[in-house]
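The values are calculated or read from the model by the stated rules, or taken from the named source; none is laboratory data. In this text, all values refer to a predicted model and were calculated from it rather than measured experimentally. FYI the Cβ positions are ideal-geometry reconstructions off the backbone, even for glycines, and counts take in every protein chain you see.
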Amino acid sequence: MQQLSVAVIDARHASKQRLGEQLFKSATLLAAVLVLLLLGGVAVALLSGAWPALAQFKLGFLTREVWNPVTEKFGALAAIYGTLVTSLVAMLVAIPVSFGIAIFLTELCPAWLKRPVGIAVELLAAVPSIIYGIWGLFVFAPLLQRHLQPWLIEHVGSLPLVGGLFRGPPFGIGVLTAGLVLAIMVLPFISSVMRDVFETVPDVLKESAYGLGATTWEVIWKVVLPHARVGVVGGVMLGLGRALGETMAVTFVIGNAHRISGSLLAPGTTISASIANEFNEATGDLYNSSLIALGVLLFLITFTVIAAARFMLLRLERRALSSV
Amino acid sequence: MSRALSRKLTNFGALTLSSLATLVGLACLGAILWTLLKNGVSGLSVQVFTQMTPPPGSAGGLLNAIYGSVLMTAIGIVIGTPIGVLAGTYLAEYGRHARLSDVIRFVNDVLLSAPSIIVGLFVYEIVVVRMGHFSAIAGAFALAVIAIPVTVRTTEDMLSLVPQGMKDASTALGAYPWRTITSVIYPAARSGIVTGLLLAVARVSGETAPLLFTVVSNQFWTTDLNAEMANLPVVIYTYAQSPYKEWQQLAWTGALLITVAILLLSIAARVLVSALQPSGRGR
C-alpha cells in the first residue's frame, strides 16, 4: 500500500517535471527564434516603409546627389558619400592608434597598469554617443577650427593631389571633424578586439622569436601580427560597422549639407545624420519614405560589413578551439 | 653594427609611438570627462531634480526627463532581458551544438553591432505608424530591442562558464535539464547574469537615436505611457543645439548625470565579472 502511494507520487512528480521540461525548453527555443525574427522583422519593416520612394526613384536613388524636399526629388548619393568618407577618415586614424594601444597593452604595459589602462580604454566605449556629439560640437570642433584646420589649409592645402582635400574656410564642423570624432569612438572597439587576438598568440611562438634575437617590434610585426591577422581584420571591420552607422556623434558635427564637396573641411551629411535630423520634420509621404530608404541602405551596408567581421572572428574562434 | 642599431631604433620608435597612442586614447577619455565635469557640475542644483524642463529663456530642471528615462529604461529592460536570458539559455544549453544556434549566434552578433537608428526606424514603422502617434511605450520597446542582443550574448558566455561537473552531478541525481538549469546553473551564474543586466542598462540608457522618432519628448510631467514623454537623451540633443544659455546648461548637466550613471554601471559590471572569474578577462 505504502509502496503504491510512493509510486503514485513519483509518477505525479515525474509528469510535473516532464511538463516543466517541455514548457521551459519551448520557452528558450521561442526566445532564441525571436532573435532571428527580429532581424527579419527589421528588414521587412524597413523595406515596406521605403517602398514608395524606391518605386518612385528606382536605381536613380543611389546615383543622384539632389535632395530637395520642396520639389520632392531625393537622391542618396551625398549621404552615401559622406558616410563612406567620414568612416574612411575614422579608420585611417583609428587603426594605427588602436594598433598602438593593443601593442602597449599586450607587450609593453607593466602588469599592474594593464587592468586600469584596459578598463579606461573600454570606458571610452561605454560613453554614450550623444556625449561625443556635444563634446565634438562645443570643444573639439572649435579646437580644430582654431588650430588644426588653419594649419592644414595653409600647409597642406597648397600641395598638389591632396591639397584639394583641405581647401576652403575653416568651419570647425564638417566631414573631417566628424571623421575624427568617429575615430575616437571606434578606438576602444578596435583596440579591445586587437588586444584579445594578440593574447591568443601562443607564448612559445613569441619566445622562439625572442630567442633568435628579435626585437619586441620585430616579434609584433613578424610573429604576432601574421598569426592574429584574421582577428585584426575582423576587429577593424567591427569598428568600421560602428563608424558607418553612428548617428548622434556625427549629427552634431557634420554640418548637415546634402552635397558632395571635394574638401574635407566642408560640411556634409551622412545617411544616419540625415535620418536623425530630418525624420521628424519630414512632411509628405515621399520625403518620409525616402528617409526610410536611406535607412535600408545603411542597413545593407552595415549588415555586410558586420557580417564579414563576425564571420572572420568566428573562424578565428573555431581555430582557437580546435588547437586547444 | 649599423643594422643592429637601425633595428634597435625602429624598435624604440615603434614602441614609443604605441605608448603615445595609448596616451592619446586616455587623453580623449580624460578630455571628455573633464569637459563634462567642468560644464555639468556648475549647473548641478536641487532644482535639477525637482523642476520640469523649462521653456526657452527661463530656469528649470530635468525631473520629468530623468523620470522618463528611468521609466523607459526599466520597461525596456523588463521586456528585453527575460527574452535575452531565455535565448542565451537555449544557445548555451539546449541548442549548444545545434545548427540553428550557429545561425542565431551570428544574427545576434549582427544585431549587437547594428546601428541603433535602424532600430528606431523599425519601431517607428511597426509601432508608431500603427498607433498613429509617438509614445513612451514605443520608446521602451525600441530600448528592449537593443537590450535583447546584449543579454543573449552575456547570458550565453556566463552559462558556458559553469563547470560541466555541476551539470553532470545534477543530471546524475535524475533532474530534468530544466531543473538543472533553474536550480543549479542559474544560481551558479547569477553574478554573470546580473552583469549582463547591468551592461544592458548601461547600453540602453544612453541611446538617443532610437528615441528620436519613437517617443520624441515634451516639456511636462506625464505618466501616460501612451503619449510623448520627456527623456534625458532627447532633451540633451535638443537643448544642446538650441541658442539658449539655460537650455545648453541643462544639456551639460543632463550629459554629466547620464555619463556618470553609465560609467558607474559599467565599472560595477566589470567588478562583478572579475569576482566571477578571477583569472579571466572581462568582456
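Scanning the range A:7-53 for residues that are in contact (Cβ under 8 Å) with a residue 12 or more places away in the chain and buried (at least 18 other Cβ atoms within 10 Å of the Cβ) gives A:V42, A:L46, A:G49, A:A50, A:A53. Within this structure, A:T251 passes the test of being within 12 Å of another protein chain (Cβ to nearest Cβ), touching a residue at least 24 places away in the same chain (Cβ under 8 Å) and among the β-branched types (V, I, T).
Conditions (1) within 23 Å of B:N218 (Cα to Cα); (2) crowded, with 24+ Cβ neighbours inside 10 Å; (3) not hydroxyl-bearing (S, T, Y), marked per residue:
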{"position": "B:E93", "(1), (2), (3)": "no, no, yes"}
{"position": "B:F106", "(1), (2), (3)": "no, no, yes"}
{"position": "B:L112", "(1), (2), (3)": "no, no, yes"}
{"position": "B:G120", "(1), (2), (3)": "yes, yes, yes"}
{"position": "B:A136", "(1), (2), (3)": "yes, yes, yes"}
{"position": "B:T155", "(1), (2), (3)": "no, yes, no"}
{"position": "B:W178", "(1), (2), (3)": "no, no, yes"}
{"position": "B:T195", "(1), (2), (3)": "no, yes, no"}
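In this structure, does B:E228 turn out to be among the acidic types (D, E), over 14 Å from the mean Cα position of the chain (by Cα) and assigned to a helix (DSSP H, G or I)? Considered against the rule, which asks whether it is among the acidic types (D, E), over 14 Å from the mean Cα position of the chain (by Cα) and assigned to a helix (DSSP H, G or I), B:E228 comes out as no. Of all residues in the range A:292-305, none are assigned to a loop (DSSP other than H, G, I, E, B), within 22 Å of A:G82 (Cβ to Cβ) and over 15 Å from the mean Cα position of the chain (by Cα).
Considered as a group, the residues in the range B:1-55 that are of a type in the set (A, V, I, L, M) and not in a helix (DSSP H, G or I) include one that is farthest from the other protein chains (Cβ to nearest Cβ), and that residue is B:M52. Candidates B:M158, B:M131: the one that is modelled with pLDDT under 95, within 14 Å of B:A189 (Cα to Cα) and aliphatic (A, V, I, L, M) is B:M158.
Cβ-Cβ contacts under 9 Å between residues 6 or more apart (or on different chains), taken from a first residue in the range B:174-194 that is assigned to a loop (DSSP other than H, G, I, E, B) to a second residue that is among the charged types (D, E, K, R), are listed as B:Y176/A:R18; B:Y176/A:E21. Just a yes or no: is a residue in the range B:161-173 crowded, with 24+ Cβ neighbours inside 10 Å, touching a residue at least 12 places away in the same chain (Cβ under 8 Å) and in contact with a Leu (Cβ under 9 Å, 6 or more places away or on another chain)? No, the conditions are met nowhere in the range B:161-173. Note on the range A:265-316: residues that are in contact with a strand residue (DSSP E or B) (Cβ under 9 Å, 6 or more places away or on another chain) and more than 26 Å from A:A55 (Cα to Cα) amount to 3.
Considering the range A:170-274, the qualifying helices (runs of 4 or more DSSP H), each wholly inside and each with 2 or more residues that are of a type outside the set (G, A, S) and crowded, with 23+ Cβ neighbours inside 10 Å, run over A:175-199, A:229-245, A:248-253.
Taking residues in the range A:172-189 that are under 18 Å from A:I260 (Cβ atoms), and partners anywhere that are at pLDDT 90 or above and of a type in the set (F, W, Y), the pairs with Cβ atoms closer than 7 Å and at least 6 places apart or on different chains are A:T177/A:F140. Could you tell me which numbered condition B:N39 fails, if it satisfies all but one of (1) touching a residue at least 12 places away in the same chain (Cβ under 8 Å); (2) buried (at least 18 other Cβ atoms within 10 Å of the Cβ); (3) within 16 Å of the chain's Cα centre (by Cα)? Against the list (1) touching a residue at least 12 places away in the same chain (Cβ under 8 Å); (2) buried (at least 18 other Cβ atoms within 10 Å of the Cβ); (3) within 16 Å of the chain's Cα centre (by Cα), B:N39 comes up short only on (3). Just one of (1) surrounded by fewer than 18 Cβ atoms within 10 Å (Cβ to Cβ); (2) farther than 20 Å from A:G20 by Cβ; (3) of a type in the set (V, I, T) fails for B:T182. It is (2).
Hey, among the residues in the range B:207-251 that are among the charged types (D, E, K, R) and more than 23 Å from B:G40 (Cβ to Cβ), which one's surrounded by the most Cβ atoms within 10 Å (Cβ to Cβ)?
B:E228
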